[in-house]
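Q: Below you will find the structure I want to go over with you.
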Amino acid sequence: MEQTLENYNPEFSPQKKSFAKRVLNTISSNSGWFFVLPAVILMIVFTFYPIINSLILAFKDNYNALGGKFDGWGIENFQKVLTGNIAAANFVDCLVNTLLFAVFSVPISTFLALIISVALNSIKTLQKLYQTLFFLPYLTSALAMGAVFASMFNVVEASAGKAETIGLFNNFLSWFGVSPVNWINVHALGQPFNPWAGRFVIILYSIWSGLPFKILILFSALQGVNKQYYDAAKIDGASKSKTLWKVTVPLISPMISYLIVTGMIGGLKVYTSIVGIFGNNMGPNDDYEMGTAVGFIYACIEKGTLGYAAAGSLILFAIIMVFTGINMWVSKKKVHY
């Protein structure tokens with residue numbers, strides 16, 4: 001390197017040559033940073049800056065997005081979000097809905113994905129076809145799938161004296177002698193809308209839409225399990241169910257833990273599927289009765305109350321961090337690496 005510099009400029013002093021050498025060595029030894037720099041810039045612009053900006057906005061009382069004016073610094077935004085009815089939605093009610101959707105759908109979908117993955121792993125005929133069929137919903141838009149679910153549970157009533165369509169799911173229930181239920185309509189079948197019926201629809205949708213990705217991950221994990229463990233269990237006379245829970249599950253527990261953690265994070269951020277089923281105002285009465293925490297944040301943004309939106313997003317962020325911390329703590333005791 002010194003010889004190259006001298007040939008380029010014979011008048012280079014030893015100090016200049018030493019400095020140039022250090023610069024070139026630094027660049028060559030840290031060349032990896034140049035490859036990750038675009039990703040770092042994108043994270044700064046679209047992740048870290050919004051977090052910091054939300055943290056600042058959350059403590060600006062009565063912040064006006066148009067003029068940039070606010071009444072002072074404080075926790076008034078948090079108080080109003082937790083106690084008031086902001087943007088036609090109650091944050092606590094939206095948060096309860098969100099927790100119900102996540103707590104019920106994530107464990108059930110993970111369990112079903114495990115059973116389906118084990119079944120797929122044990123068959124050879126048409127295995128690739130079944131994998132494709134199970135994975136197709138993952139490639140479909142959440143809004144489109146939500147609209148399909150809405151049509152399945154929708155009740156269409158005609159004028160008096162004419163026939164009515166009670167929906168595909170109610171037709172299925174009628175085979176077992178179950179009376180039709182008003183799942184997502186304002187008022188149908190002589191019944192007012194029941195929030196728990198709407199929650200059931202969303203939980204069922206969340207379970208179904210979460211299966212493809214979980215099946216793909218768990219099936220891939222099962223492919224990597226050493227067959228010698230199953231041979232040893234067979235020699236010891238272990239039943240299939242015991243082999244599943246004592247051999248298979250511990251061996252793929254890192255993937256199960258990963259799916260639970262990411263599933264809870266995704267479940268607590270649910271929004272698109274609710275819009276697909278109930279519309280932008282997230283309820284049959286356009287009252288956010290089926291609203292979620294993310295839906296509340298979007299509603300505040302639409303109303304221009306960015307301070308409330310920032311406060312709600314920080315509360316949701318804290319809850320996600322708590323759930324993630326609990327899952328990671330449990331995984332240290334239950335997950336086998």
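Q: Quick check on the range 130-160: of everything there that is in a helix (DSSP H, G or I) and open to solvent by 90 Å² or more (accessible area, probe 1.4 Å), which residue is farthest from residue 252 (Cα to Cα)?
A: 139
Q: Output the residue which, of all residues in the range 297-308 that are among the aliphatic types (A, V, I, L, M) and under 16 Å from residue 270 (Cα atoms), is nearest to the chain's Cα centre (by Cα).
A: 297
Q: Could you please find all residues in the range 280-301 being in a loop (DSSP other than H, G, I, E, B), at pLDDT 85 or above and hydrophobic (A, V, I, L, M, F, W, C)?
A: 290
Q: If you don't mind, there's one more thing I want to ask. Can you tell me how many residues within the range 216-265 are touching a residue at least 40 places away in the same chain (Cβ under 8 Å) and among the polar types (S, T, N, Q)?
A: 4
Q: Okay, next question. Suppose we filter 305, 272, 292 for residues that are touching a residue at least 60 places away in the same chain (Cβ under 8 Å), more than 28 Å from residue 121 (Cβ to Cβ) and surrounded by fewer than 20 Cβ atoms within 10 Å (Cβ to Cβ); which single one remains?
A: 272
Q: Counting only residues that are part of a strand (DSSP E or B) and modelled with pLDDT of 80 or more, which one in the range 57-78 is surrounded by the fewest Cβ atoms within 10 Å (Cβ to Cβ)?
A: 73
Q: Checking residue 287 against (1) open to solvent by 30 Å² or more (accessible area, probe 1.4 Å); (2) over 27 Å from residue 147 (Cα atoms); (3) touching a residue at least 24 places away in the same chain (Cβ under 8 Å): exactly one of these is not met. Which one?
A: It is condition (2) that residue 287 fails.
Q: Further question: Could you figure out which of (1) of a type in the set (A, V, I, L, M); (2) surrounded by 15 or more Cβ atoms within 10 Å (Cβ to Cβ); (3) on the phi > 0 side of the Ramachandran plot isn't true of residue 81?
A: Answer for residue 81: the failing condition is (3).
Q: Going through 193, 169, 200, 213 one at a time, which residue ends up being in contact (Cβ under 8 Å) with a residue 60 or more places away in the chain, within 25 Å of residue 109 (Cα to Cα) and not small (Gly, Ala, Ser)? Working first, answer last.
A: Numbers: 193 fails: within 25 Å of residue 109 (Cα to Cα); 169 fails: in contact (Cβ under 8 Å) with a residue 60 or more places away in the chain; 200 fails: in contact (Cβ under 8 Å) with a residue 60 or more places away in the chain.
Among 193, 169, 200, 213, only 213 is in contact (Cβ under 8 Å) with a residue 60 or more places away in the chain, within 25 Å of residue 109 (Cα to Cα) and not small (Gly, Ala, Ser).
Q: Specify the residue that is farthest from the chain's Cα centre (by Cα); the eligible residues are those in the range 211-227 that are in a helix (DSSP H, G or I) and exposed (fewer than 12 other Cβ atoms within 10 Å of the Cβ).
A: 227
Q: If you take the residues of the range 312-329 that are more than 18 Å from residue 253 (Cβ to Cβ) and touching a helix residue (DSSP H, G or I) at 6+ places or on another chain (Cβ under 6 Å), which of them is surrounded by the most Cβ atoms within 10 Å (Cβ to Cβ)?
A: It comes out as 312.
Q: From 185, 170, grab the single residue that is within 23 Å of residue 290 (Cα to Cα) and assigned to a loop (DSSP other than H, G, I, E, B). Write out each step before concluding.
A: Values: 170 fails: assigned to a loop (DSSP other than H, G, I, E, B).
After applying the criteria, what remains is 185.
Q: From 96, 106, grab the single residue that is part of a helix (DSSP H, G or I), among the β-branched types (Val, Ile, Thr) and open to solvent by 40 Å² or more (accessible area, probe 1.4 Å).
A: 96
Q: Also, quick follow-up: State whether the residues of the range 192-208 include one that is open to solvent by less than 30 Å² (accessible area, probe 1.4 Å), polar (S, T, N, Q) and over 30 Å from residue 254 (Cα atoms).
A: No, the range 192-208 contains no residue that is open to solvent by less than 30 Å² (accessible area, probe 1.4 Å), polar (S, T, N, Q) and over 30 Å from residue 254 (Cα atoms).
The values are calculated or read from the model by the stated rules, or taken from the named source; none is laboratory data. Just so we're clear, the structure is a prediction, and the values are computed from it rather than from any experiment. Backbone-built Cβ (ideal geometry, glycine too); neighbour counts: all protein chains shown. What goes into the accessible areas is simple: the full protein's heavy atoms, side chains included, and nothing from ligands, DNA or RNA. Shrake-Rupley method; radii C 1.70, N 1.55, O 1.52, S 1.80 Å.
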